[in-house]
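Coordinate-derived values only; no laboratory data. Predicted model only: the values in this text are computed from it and were never measured. Note that we place each Cβ from the backbone using ideal geometry, even for glycine, and neighbour counts take in every protein chain shown.
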């Protein structure tokens, strides 16, 4: 993953192992894309019209509260999310075919790259400076979250149970709850493995 910025925008490029078609389809779900950000603690999300939504979330990256209506503009290569209020004008999710000449030899990208761009061009430079505390600093972390999620998506999305869990259970969770649930799952897996080892050892001992 790589990141870059200019005065009125910042972006991350996320290499994936997905085809452009699959990645474009994935990027149509704006709620999922936003909730994957582990620095957004959602308090409210609701539809207010066709391709229009309202969100209220705390940005754990800068401590600010995001409270805005947003409009989703579908595009052939992704979507644009336009915010009604706040310093940020829009976020673009743009899918490109992977250019292997620009990727490290160890990269797993074989199909497409997701480019996420936060745009602030709707405000003047003076206003951006005056409201610098509102700048969303979560973009790089969000890029890592998306890359991790897309790796899991490539591996597990063919299983209906996994997709149901991620949408119905994991996605609505707050970031802290996700971390706790992951720890509990790891502990449960270790306990199951230890139990199986004890049972296996018992039967091997009896066999002798």
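Computed quantities for the displayed model
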quantity	calculated
Peptide ranges 10-21, 74-85 listed from the most packed, as the mean C-beta count within 10 angstrom indicates	10-21, 74-85
Protection-proxy order for peptides 1-9, 63-71, each taking the mean of Cβ atoms within 10 Å per residue, highest first	63-71, 1-9
Residue order, fewest to most surrounding Cβ atoms within 10 angstrom, among 194, 23, 39	194, 39, 23
The chain, helix-only ellipticity at 222 nm - DSSP H runs n ≥ 4, -39,500 (n - 2.57), divided by all residues, nearest 500	-11500 deg cm²/dmol
Ordering of 24-35, 44-55 by burial proxy (mean other Cβ atoms within 10 Å per residue, highest first)	24-35, 44-55
Relative contact order (percent, whole number), the chain, Cα cutoff 8 Å, 6+ residue spacing	24 percent
Cα→Cβ-extended label distance, 7 Å offset, between residue 48 and residue 173, nm	3.0 nm
Between 0 and 90°, nearest 10: helix 139-156 axis offset from the chain longest Cα axis	40 degrees
Förster-model FRET efficiency, 30 Å R0, residue 68 and residue 161, C-beta, rounded to 0.05	0.30
Among (i) 37; (ii) 31; (iii) 40, the entry that matches percent of Cα pairs over 28 Å apart as calculated here	(i)
Crossing angle, helix 175-207 versus the chain [Cα axis fit, 0-90 degrees, rounded to tens]	10 degrees
